[in-house]
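As structure tokens, the structure follows; a few thoughts come after it.
Read-outs throughout are calculated quantities, based only on the coordinates presented, and are distinct from any laboratory measurement. Keep in mind that what you see is a predicted model, and the values were worked out from it rather than measured. Heads up, the Cβs are rebuilt from the backbone with ideal geometry, glycines too, and the neighbour counts pull from every protein chain shown.
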Amino acid sequence: MKKIAVIGAGTMGNGIAHVFAQNGFEVNLIDTQSAALDKAVLTIGKNLDRQITKGLIHLEDKQKTLAQISCFTSLKEGVQDRELVIEAATENSKIKLAIFTEIDQYTNAHCIIASNTSSISITQLAEATQKPGNVIGMHFMNPVPVMKLVEIINGKATNTAVTETIVSLTTQIGKIPCVVKDAPGFIANRILMPMINEAILALEEGISDAATIDQIMKLGMAHPMGPLQLADYIGLDVCKNILEIMEDGFQNSKYKPAALLSKMVGEGKLGIKTGAGFYSYP
Ligand SMILES: NC(=O)c1ccc[n+]([C@@H]2O[C@H](COP(=O)([O-])OP(=O)(O)OC[C@H]3O[C@@H](n4cnc5c(N)ncnc54)[C@H](O)[C@@H]3O)[C@@H](O)[C@H]2O)c1
């Protein structure tokens, strides 16, 4: 496999494109917004510069990696000759289902279609296509160039051969695959998001301030980042969406987003990407 496409050039899409391009894959990066594509290429360049500064790669590697990436605003043009398409668009079922139908339409019967969704059912996404056996979850962690884990999610119809291909590909790009079944939030977010939500509830109730809550979890649990700092990093809108999908999927109000989280999202305080969240980012 050499030719892949990544749909969505946001936080995750640019990281996924970076890693595949760095490992010699030809990457078509697709977004409806040309500004998002420009920003993604700049971000990838900056992240490659950081790898050069750390002595991990040379200047030629940066040039080679960037040369492997082509940008598209047309999904059809970007996916049509691809062997693997990884969807990393906005966490919204309606948007993703429409994208899956389109990818299916423009790719051949052998193309594997993966989603980087944090919580939406892979089985449901697969049902929007004519090749559900080729649909699988590839849940990368943020920041993609740094984090080793890829949670691989088998939908009800995912073919064993497709899982084997994706597990082997994940290893090939220097990541560690962990295979799980399809359930709301899979494993990573099913455990992480209730912790983040609980930290927000504690803040909302005035039990302590954000820095102290984070400090307790860093010092007490040896977490490298506190839950509120991590929420800012992930994006508060992304956290809210995942909690709502789990609340709906499990029909259990224990996953209901804290009122403070909903309020902050409503005010456009989405964390690092907007410069304001539980902390401010000048
Ligand atoms: N942010 C995280 O830490 C994180 C971690 C793991 C997984 N994820 C998942 O990755 C996915 C992307 O999240 P993100 O944080 O990168 O979001 P983001 O908001 O940073 O980027 C999403 C991008 O998708 C684009 N997009 C929307 N509709 C599109 C369409 N129809 N066609 C093409 N592009 C479209 C948007 O223009 C935007 O550039 C989500 O499913 C999210 O749950 C996020």
All aspartates and glutamates inside 12 Å of Lys256 as judged from Cα atoms, apart from same-chain residues fewer than 8 positions distant:
Glu198, Glu244, Glu247, Asp248
In what sequence do Met12, Met225 fall when counting other Cβ within 10 Å, fewest first?
Met225, Met12
For the chain, the longest principal axis of the Cα atoms and the Cα long axis of helix 210-221 enclose an angle in degrees, to the nearest 10, of 70 degrees
Can you tell me the FRET efficiency between Ser74 and Leu201 if r is taken as the Cβ-Cβ distance and R0 is 30 Å, rounded to the nearest 0.05?
0.10
Past the 26 Å Cα-Cα mark, which pairs from Lys54/Lys240; Lys39/Lys254; Lys218/Lys273?
Lys54/Lys240; Lys39/Lys254
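May I ask you to list the GluC sites (Glu not before Pro) in region 190-282 that are in a DSSP loop and have at most 15 other Cβ atoms within 10 Å of their Cβ? Before the final figure, lay out each step's value.
Values: sites: Glu198, Glu204, Glu205, Glu244, Glu247, Glu267; in loops: Glu205, Glu267.
The qualifying sites are Glu205, Glu267.
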At most 11 other Cβ within 10 Å, DSSP loop - chymotrypsin sites (Phe, Trp or Tyr not before Pro), region 10-89:
none
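Would you please put 268-278, 56-66, 159-169 in order of how densely packed they are, using the mean number of other Cβ atoms within 10 angstrom per residue and starting with the highest? Don't skip to the answer; put the middle values down first.
On the way: 268-278: 18.6, 56-66: 13.9, 159-169: 16.0.
Top to bottom by mean Cβ count within 10 Å: 268-278, 159-169, 56-66.
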Could you tell me the relative contact order of region 1-129? Use alpha-carbon pairs under 8 Å, at least six residues apart, and round to a whole percent.
29 percent
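Which value in deg cm²/dmol, rounded to the nearest 500, describes the helix-derived mean residue ellipticity at 222 nm for the chain, given -39,500 (n - 2.57) per DSSP H run of n ≥ 4 and division by the residue count? Walk me through the numbers on the way to the answer.
On the way: 12 runs with 139 residues, N = 282.
That calculation yields -15000 deg cm²/dmol at 222 nm.
Which number do you get for Rg(Cα) / (2.2 N^0.38 Å) in the chain? Walk me through the intermediate numbers first.
On the way: Rg = 18.7 Å, N = 282, 2.2 N^0.38 = 18.8 Å.
Relative to the rule-of-thumb radius for its length, the chain sits at 1.00.
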Roughly what would the spin-label model give for Ala67 and Ile191, points 7 Å off Cα along C-beta, in nm?
4.3 nm
